[in-house]
Amino acid sequence: MKSFNYLSVLGAFLFFVFSCGDAPKGEEAQTGDAESTQSETSAAKAIEGAIPMTIDIGNSTFSWRATKLMGGGHNGTFTLSGGDLFLKDNQIVAGKFTIDMNSLANLDIENAGKKANLEGHLKSDEFFDTALHPTATFEITEAIPSTESQNQRQQITGNLTIKGITKSITVYVKVNPTDKGVTASTGSFVIDRTEWGVMYDSGLIGTAQDKIINDKVAIDIYITAVKSEG
């Protein structure tokens, strides 16, 4: 009976520990090796007849959320520094955008000093090493129309490059036309940061439990694009 009670208490404790530090919620993005970018011929074919759109960086957001195994976490944003989309029949057919990694901002800490310390740490070589890798990029390699998707969203596959490491990811995007152009929203999706070499306090490297940061990070991308001039 004592053994049974001990195991019950231990099980309840472990359930509490691991449930209180759940990874951020979101659709699991399919990832894999970097894919070949479109050849000039295939890219031209995809873009032929498409409407060029310039990403409005002031009205676009790249949000992130990370949690710790034992509970707690942080969330924030990056700013896009530029990019283009190409639309045909209100569907994305090609595109690329750049993320300014030095724009990293925390949104949940009110104390200015603590906020600055966290932002500085995330920019350091222990995380994103923005001095050596000031930008990240995403380039579309395949875009499947929403009419061919069960969830009525476009399936977008592209190469995401962070810290000089490129991996292919596949996400679903809701595309909505506007008077001036288009909006595109991924909703929350989850990737494994270690695939891009962000290893700090990962459970994969023997970090103490009370220090572990979940490897899964949630990302939410919202893009506003306007018709390019000329």
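The values are calculated or read from the model by the stated rules, or taken from the named source; none is laboratory data. Worth saying up front: this structure is predicted, and the values here are computed from it rather than measured. With ideal geometry, Cβ positions are generated from the backbone for all residues, glycine too; neighbour counts draw on all protein chains shown. We work out accessible area using only protein heavy atoms, side chains counted, and drop any ligands, DNA or RNA first. Shrake-Rupley method; radii C 1.70, N 1.55, O 1.52, S 1.80 Å.
So, of the residues in the stretch 162-191 that are more than 23 Å from ASP100 (Cβ to Cβ) and of a type outside the set (Phe, Trp, Tyr), which turns out to be surrounded by the fewest Cβ atoms within 10 Å (Cβ to Cβ)?
Filtering the stretch 162-191 for residues more than 23 Å from ASP100 (Cβ to Cβ) gives 170, 172, 174-180.
Narrowing further to those that are of a type outside the set (Phe, Trp, Tyr): 170, 174-180.
Working: THR170: 16, LYS174: 15, VAL175: 21, ASN176: 9, PRO177: 10, THR178: 10, ASP179: 5, LYS180: 11.
Per the stated criteria, the residue is ASP179.
Could you list all residues from the stretch 110-163 that are closer than 18 Å to THR79 by Cβ, hydrophobic (A, V, I, L, M, F, W, C) and touching a strand residue (DSSP E or B) at 6+ places or on another chain (Cβ under 8 Å)?
Within the stretch 110-163, LEU118, LEU122, PHE128, ALA136, PHE138, LEU160, ILE162 qualify.
Name the residues in the stretch 70-95 that are hydrophobic (A, V, I, L, M, F, W, C) and either in contact with a strand residue (DSSP E or B) (Cβ under 8 Å, 6 or more places away or on another chain) or surrounded by 18 or more Cβ atoms within 10 Å (Cβ to Cβ) (or both), would you?
PHE78, LEU80, LEU85, PHE86, LEU87, ILE92, VAL93, ALA94
Out of (1) farther than 22 Å from SER149 by Cβ; (2) in contact (Cβ under 8 Å) with a residue 60 or more places away in the chain; (3) not basic (Lys, Arg), the odd one out for VAL173 is which?
(1)
Just to be sure I understand the filter: pairs with C-beta atoms under 8 Å, separated by 6 or more residues or on different chains, first member in the stretch 105-120 and closer than 18 Å to THR61 by Cβ and assigned to a loop (DSSP other than H, G, I, E, B), second member open to solvent by 60 Å² or more (accessible area, probe 1.4 Å) and not aromatic (Phe, Trp, Tyr). Which pairs pass?
ASP108/HIS74
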